[in-house]
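The values are calculated or read from the model by the stated rules, or taken from the named source; none is laboratory data. None of the values given here were measured: they were computed from a predicted structure. For neighbour counting, all protein chains shown are included, and Cβ atoms are generated from backbone atoms with ideal geometry for every residue, glycine included. Ligands, DNA and RNA are stripped out before the accessible areas are found, and what is left, the full protein with its side chains, is counted by its heavy atoms. Shrake-Rupley method; radii C 1.70, N 1.55, O 1.52, S 1.80 Å.
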Amino acid sequence: MSLLRLALLSLWNRRLTAILTILGIALSVTLFLSVEKLRTGARESFANTISGTDLIVGARAGDVQLLLYSVFRIGDATNNITWESYQDIAGRSEVDWIVPISLGDSHRGYRVVGTTAGFFDHYRYRRDTGLRFGAGTTLDDLFDTVIGADVAMALDYQVGDRIVVSHGTGRGGGAGHDDKPFRVTGILDRTGTPVDRAVYVSLEAIEAIHVDWQGGGRVEGLKIPVERVRNMDLTPGTVTAALVGLKSRITTFRFQRFVNEYDEEPLTAILPGVALSNLWSLVGVAERALSAVSLMVVVTALLGLVTTLLASLEERRREMAILRANGASPRTISVLLTAESGLIALAGALLGLVFLYVLLFALQPLLDARFGLYLKVDAPNLRDCTILGIVVLAGMAAGFIPAWRAYRRSLADGMSIRS
Amino acid sequence: MRATLIGIRRFSGLSDPAPSLSIRDAAFSWEGGFGIEIADFDLKARERVLLLGPSGGGKSTFLNLVAGITTPSRGRIDVLGTDIARLRGARVDRFRVDSFGIIFQMFNLMPWLSALDNVLVPLRFSRLRRRRAGDARAEASRLLGALGIDAALFNQRAGTLSVGQQQRVAAARALIGGPGIILADEPTSALDRANARAFLDLLLAEQETAQAALLMVSHDETLADAFDRVVRLDDIARVSGGVAA
């Protein structure tokens, strides 16, 4: 009879506690691995908030700040770009496409983005995924609007609904542009990016709703009807930022330098990827805290393993004494105990892995649809394997404590076994 | 009757072979101060000795010393020609299973193993006994049969057997692979009188077949007639209660 079989049979004899211990380890391993998955998934989703855009151009600002207001719509621009500068940049030979972004208005707490239909063609996220219309079509008429998936869901908007844009960005605050309502012509599919939480109108529409405004308020007594606005020159004076795609990636740095050293006004051009990772390093503290918490869960489960083994030791004194009387050395008994805890930890780790994939398969579509969090179902990476390995090794190490006690006790018990 | 049997020497050509077990002036003390001193004790080859002593009178310590589970602070304990007190670590464990078949008072078996697997346990740790046993399962079955275990019970979990059956399985385990000495620590105390006698008779018959020496510790003097010699622990050992020896 092999030692392994002896360990297995002994374990089988205590299968209820063993199974509970295995379950405990499996669940904590699942928790840890899924937190890791979520973490890397979130990081990747974040890093892929915007892609395909080579440069983001705005008024002179820090790169994180520019990224925050142009892509995440957090905070405000300190300054705008004049339309002339925008045109100048757009006219450069390196530029493949350029999409303007004009901010400053809101709709029931959601930012209104003045842009062109090109935004829906050129905005990319998650490597190379384009925006898709879940319903309706792109901007066509001056008072058309396209809304993000979150906006549509939270406010229960359908294509054809009429909405009113407010001046300013406070929630529900600011005076309304209620004389010039917009018609929802399209609803974007969920992306899990800030795109979902915005209302898109044409650049001209931003001008149109402000023709009878000056500064921060409506000009007293001036009320220009929609019909007349349509015939006015609606070329914007400024835009807030611009997304730029270049013909060749090689020219990126040269073009960035050109923008940063632009003579007419102080501008900043940022590489979205670099700015995103800078921003992530700020958010990374929370990420590490999450890791630490889930690591503690694993440690707790391993402590539970030690506790279970120590508790089972009492009922196993007989077994130890019989084995010692029949030639098992203390080392053999230690090996038996560490093998047992190792087996439990291994079973727990593998079961945890199974749970993880079951969860992933079950929840992945939901996470993608509800939160725009895309988790790849792929083979465990090196990091996952390392963690599993550590759990098994720690499980075996956890067996050392009971093994040492068993050794001491088998010496003290000697030949006389009290049950 | 036993004396004549002991007269038949089978090992080598010596007329008086080395004793299976020989203790000379050995002493041991626990940390608490409980100590034992054994002046002289011999167990001849194939001899049956009943060691009588009250419970808690140092019998366990005596057996632990003999089996090499505890190491004496002085003196010699020769087992089959080897000073067990000089062996260290895993070697003493190996030597123990090579030399001794051990039967406890009760709880001898691992209840989740079958009767047969319980008998086979010493062979896992003793190459010597494995070799001597030959076809291990056949030998285990033979011993179990000889000790009156029904073949239908061989593959039953030991925990489901009666106490009497369990003791006989333990005896088979002690005997398998022909260890030189059988140590039995009150093996009959958990059995009723009739069962105790039956168990002893079966054990003695197999011990004779295996040509092993038997050292049985008991407080039951009525078993004395089955042994070659009865030794009182008081006569060979001095137990001190308070002061470390």
Filtered residues of the stretch B:53-85 (kept if surrounded by fewer than 21 Cβ atoms within 10 Å (Cβ to Cβ) and more than 14 Å from every other protein chain (Cβ to nearest Cβ)) = B:Pro54, B:Ser73, B:Arg74, B:Gly75, B:Arg76, B:Asp78, B:Leu80, B:Gly81, B:Thr82, B:Asp83
Residue under evaluation A:Arg5, criteria (1) touching a helix residue (DSSP H, G or I) at 6+ places or on another chain (Cβ under 8 Å); (2) open to solvent by 20 Å² or more (accessible area, probe 1.4 Å); (3) closer than 30 Å to A:Gly327 by Cα, criterion not met = (1)
request  = Would you check which residues across the stretch A:235-252 are open to solvent by 60 Å² or more (accessible area, probe 1.4 Å) and among the hydrophobic types (A, V, I, L, M, F, W, C) and list them?
outcome  = A:Ile250
ask   = Which of the helices (runs of 4 or more DSSP H) contained wholly in the stretch A:54-156 include at least 2 residues that are within 26 Å of A:Arg43 (Cα to Cα)?
value = A:63-67, A:118-122, A:149-155
ask   = Looking at this structure, is A:Asp63 open to solvent by less than 40 Å² (accessible area, probe 1.4 Å) and of a type in the set (Asp, Glu)?
value = no
key: Residues satisfying the stated conditions in the stretch A:254-270, i.e. open to solvent by less than 20 Å² (accessible area, probe 1.4 Å) and either among the hydrophobic types (A, V, I, L, M, F, W, C) or under 17 Å from the mean Cα position of the chain (by Cα) (or both)   = A:Phe255, A:Val259, A:Leu267, A:Ala269, A:Ile270
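One line per residue, one yes/no per condition, for (1) more than 28 Å from A:Val306 (Cβ to Cβ); (2) part of a loop (DSSP other than H, G, I, E, B); (3) open to solvent by less than 50 Å² (accessible area, probe 1.4 Å); (4) among the small types (Gly, Ala, Ser):
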{"residue": "A:Ala349", "(1), (2), (3), (4)": "no, no, yes, yes"}
{"residue": "A:Pro380", "(1), (2), (3), (4)": "no, yes, yes, no"}
{"residue": "A:Asp384", "(1), (2), (3), (4)": "no, no, yes, no"}
{"residue": "A:Val391", "(1), (2), (3), (4)": "no, no, yes, no"}
{"residue": "A:Ala403", "(1), (2), (3), (4)": "no, no, yes, yes"}
{"residue": "A:Ala406", "(1), (2), (3), (4)": "no, no, yes, yes"}
request  = Looking at (1) surrounded by 18 or more Cβ atoms within 10 Å (Cβ to Cβ); (2) facing chain A (nearest Cβ under 7 Å), find the lone condition where B:Ala90 falls short.
outcome  = (1)
task = Among the residues of the stretch A:271-294, count how many are out of contact with any Lys or Arg (no Cβ under 7 Å at 6 or more places or on another chain), crowded, with 16+ Cβ neighbours inside 10 Å and assigned to a helix (DSSP H, G or I).
result = 5
ask   = Do we have A:Arg162 as in contact with a Pro (Cβ under 7 Å, 6 or more places away or on another chain) and open to solvent by 50 Å² or more (accessible area, probe 1.4 Å) here?
value = yes
key: Criterion: outside the structural domain of A:Ala345 (by TED's automatic domain parsing), open to solvent by 60 Å² or more (accessible area, probe 1.4 Å) and not polar (S, T, N, Q) - qualifying residue of A:Ile19, A:Ile74   = A:Ile74
message = Every residue in the stretch A:272-299 that is farther than 30 Å from A:Ile22 by Cβ and without any contact (Cβ under 8 Å) to a residue 12 or more places away in the chain, please.
response = A:Ser281, A:Gly284, A:Val285, A:Ala286
note = The residue that is farthest from the other protein chains (Cβ to nearest Cβ), considering only those in the stretch A:324-335 that are open to solvent by less than 10 Å² (accessible area, probe 1.4 Å) and touching a residue at least 60 places away in the same chain (Cβ under 8 Å), is A:Ile333
Verdict on A:Glu44 being over 20 Å from A:Leu188 (Cα atoms), open to solvent by 50 Å² or more (accessible area, probe 1.4 Å) and either out of contact with any strand residue (DSSP E or B) (no Cβ under 6 Å at 6 or more places or on another chain) or acidic (Asp, Glu) (or both) = yes
inquiry  = If a residue must be open to solvent by less than 10 Å² (accessible area, probe 1.4 Å), within 11 Å of the chain's Cα centre (by Cα) and more than 11 Å from chain A (Cβ to nearest Cβ), how many such residues does the stretch B:166-193 contain?
reply    = 5
task = Residue by residue through the stretch B:95-122, note down the ones that are farther than 12 Å from B:Val169 by Cα and open to solvent by 10 Å² or more (accessible area, probe 1.4 Å).
result = B:Phe95, B:Asp98, B:Gln105, B:Trp112
note = The strands (runs of 3 or more DSSP E) lying entirely within the stretch B:200-241 that contain at least 2 residues which are closer than 22 Å to B:Gln165 by Cα are B:213-218
